[in-house]
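Worksheet for the structure shown next.
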Amino acid sequence: MAIVFQRPHALRETQMHYCPGCTHGIVHRLIAEVIDELGVEGRTIGVSPVGCAYNNYLYFNCDMVQAAHGRAPAVATGIKRVHPDNVVFTYQGDGDLAAIGTAEIIHAANRGEKITTIFINNAIYGMTSGQMAPTTLVGQVTTTSPFGRKPELHGYPLNVCEMLSTLKGAVYVERVSMHDIKNIKNAKNAIKKAFKVQMAGLGFSIVEVLSSCPTNWGIDPVNALKWIEEKMIPQYPLGNFKGKDLEV
Amino acid sequence: MGEKILMKGNEVIAEAALRAGCRHYFGYPITPQTEIAHYFAKKMPQYGGTFIQAESEVAAMNMVYGAASAGARVMTSSSSPGISLKQEAISYAACAELPAVIVNIMRAGPGLGGILAAQSDYFQATKGGGHGDYRMVVLAPSSVQELYELVVDAFNIADKYRTLCMIVGDGMLGQMMEAVEFRDKEDIYQADKSWAVTGTGMERDHNIITSIYIDPEVLEKHNLKLQEKYRKIAENETRVEVFNCEGADIIVAAYGTVARIIKNVIKTAEKEGIKVGLIRPITLWPFPTAEFEKYADVPQAFLSVEMSAGQMVEDVRLAVNGKRPVYFHGRMGGMIPTQKEILEKIREILK
């Protein structure tokens, strides 16, 4: 009997802790499928963030390092400079990457560190129970913006891909979404290309993934996917910002 | 041993690290230690190593965290305000049991303070600095020659115990030029680093470097393991210089640059018929408590002399444990205690 679908080897056989309807698990799977398809599990080192995915080192079969909040790009820099032939990726949320770790991500990208960042943007702090993130939409209610995000008080949503794509060291920058099958397939292609860009030694690569957080958004999983499509994408347009034509 | 050459303390730190096999340095400019970075920037390419001027002290220490996770001999250096910024990753690295060397060429604080020599980071270095129950080995050289030797030792101790080692010098030690004699070859401790992240090669289970233990029982167990390691370090690695203490009228406790001043005080006092002893902790942690206990009944009093408001004096008091009075003399702000004022203090105590 032919096996047509199975757990990627790069994912460990263990139960994930994510909430129902959360898309972290899908993104993990996509990364693992890419690692399998590129045949690089044995030389991949991942860096886990602080946030909901803090212990995703338990889910990947490759070597993993857990980093302090926002510091994953600096930690990954240290790893990559010691093992330049390894494939090094960071997995970071929007609080981690776009708030406390803004300096680290900008400078890792600007140095053209040959690492890949998978950036989960769900417009909220998940693990600490739904606080406003730099990526929270205008008007979005969170536990620390109970009357909605107001630009005059809280500033505007931070568009990370647009910002990083102005840097020469960032050679591949793409935003994808988890809201339907077609987009999940696009996401996998982007992640694969980002890894290949790193393996070709071209520079820094990042894939921003628009993700759902039904628990902290306070809506059911199906409507959460709709919310990504209808509310998030207008603020965070999908597509490639840099490196579309790179041949790797 | 090779020939004697004249070198600046800060440059000797970098040279010693290279000789100890350190090929990865991450730092951020701050006076009075920046020559360390200059030296690495120039030399690392010759050794095929990495020098990164990071975007911040925070990032630099997290790069150290990454490189140490990857199994490399790695170091960073800074001066007091910069060391404060490194505390986050220092605590994480202590929990994850990562070996690395951190150099603090101390300047006067608090705040931005000044750029001249001080010893006011004793508490920060020996009592935590970062959060949580952790220790790191703190080595305090008092000459450029010793700076070289202790930097090499620091890498070996770090690897042997999977611990952080901090070298504390003051701005004077970093900036002074002195003769130094390098060995032809260093003894490098060959550590088993099978725990490091190198890629599994599909030949072993994955390695994880982490400092998070959500289950309280597991975290307590990990803490107990760390404490046992610190106990072993205290047992094996405590270092101290005891000078002129037999039959001393007074024993002075001093480390680093100040200990050198005390050696001159000893000579001058002798002419007045006062016998001054010196206990110079070389490891500030583990503190050489046993040596103070050993000599606790000998002098009339102890005197701790520091370039601080009185920090090490607390450990001296704990060690002497009330057997003799313990006095303090200190200068702050980058001021150096003079022989004259120390001698006056000694006369006053012995009156």
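Here are some notes:
- In the set (1) on the phi > 0 side of the Ramachandran plot; (2) open to solvent by 20 Å² or more (accessible area, probe 1.4 Å), the condition left unmet by A:GLY203 is number (2).
- Residue in region B:182-193 that is assigned by TED's automatic domain parsing to the domain that holds B:ARG73 and either under 30 Å from B:ARG331 (Cβ atoms) or open to solvent by less than 10 Å² (accessible area, probe 1.4 Å) (or both) present: no
- Answer from A:GLU33, A:GLU37 - the residue that is under 27 Å from A:ALA200 (Cα atoms), open to solvent by less than 50 Å² (accessible area, probe 1.4 Å), charged (D, E, K, R) and away from every other protein chain (no Cβ under 14 Å): A:GLU33
- Test: B:THR198 is open to solvent by less than 30 Å² (accessible area, probe 1.4 Å), of a type in the set (Ser, Thr, Tyr), in the same structural domain as B:ARG231 (by TED's automatic domain parsing) and farther than 23 Å from B:ASN236 by Cβ: no
- Residue within region A:89-98 that is closer than 26 Å to B:ALA59 by Cβ and touching a Lys or Arg at 6+ places or on another chain (Cβ under 8 Å) present: no
- Qualifying residue in region A:160-182 (condition: among the aromatic types (Phe, Trp, Tyr), more than 14 Å from chain B (Cβ to nearest Cβ) and open to solvent by 40 Å² or more (accessible area, probe 1.4 Å)): no
- Residue tally, condition out of contact with any strand residue (DSSP E or B) (no Cβ under 9 Å at 6 or more places or on another chain), part of a loop (DSSP other than H, G, I, E, B) and away from chain A (no Cβ under 14 Å), over region B:170-220: 10
Let's see how each residue does on (1) within 14 Å of chain A (Cβ to nearest Cβ); (2) touching a Cys at 6+ places or on another chain (Cβ under 6 Å); (3) open to solvent by less than 10 Å² (accessible area, probe 1.4 Å):
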{"site": "B:GLY27", "(1), (2), (3)": "yes, no, yes"}
{"site": "B:ILE30", "(1), (2), (3)": "no, no, no"}
{"site": "B:GLN33", "(1), (2), (3)": "no, no, yes"}
{"site": "B:ALA37", "(1), (2), (3)": "no, no, no"}
{"site": "B:LYS42", "(1), (2), (3)": "no, no, no"}
{"site": "B:THR50", "(1), (2), (3)": "yes, no, no"}
{"site": "B:GLN53", "(1), (2), (3)": "yes, no, no"}
{"site": "B:GLU57", "(1), (2), (3)": "yes, no, yes"}
{"site": "B:SER77", "(1), (2), (3)": "no, no, yes"}
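- Taking the listed residues B:ASP170, B:ASP159, the one that is at pLDDT below 95 and either on the phi > 0 side of the Ramachandran plot or open to solvent by less than 60 Å² (accessible area, probe 1.4 Å) (or both) is B:ASP170, with no other qualifying.
- For A:TYR57, the conditions (1) touching a residue at least 24 places away in the same chain (Cβ under 8 Å); (2) among the aromatic types (Phe, Trp, Tyr); (3) facing another protein chain (nearest Cβ under 7 Å) all hold with the exception of (1).
- Residue match in region B:152-170 (condition: farther than 16 Å from B:GLY71 by Cβ and among the basic types (Lys, Arg)): no
The values are calculated or read from the model by the stated rules, or taken from the named source; none is laboratory data. All of these numbers come straight from a predicted model, not from anything done at the bench. So basically every Cβ, Gly included, is an ideal-geometry build from the backbone, and we count neighbours across all protein chains shown. To get the accessible areas, we keep the full protein, side chains included, count just its heavy atoms, and leave off ligands, DNA and RNA. Shrake-Rupley method; radii C 1.70, N 1.55, O 1.52, S 1.80 Å.
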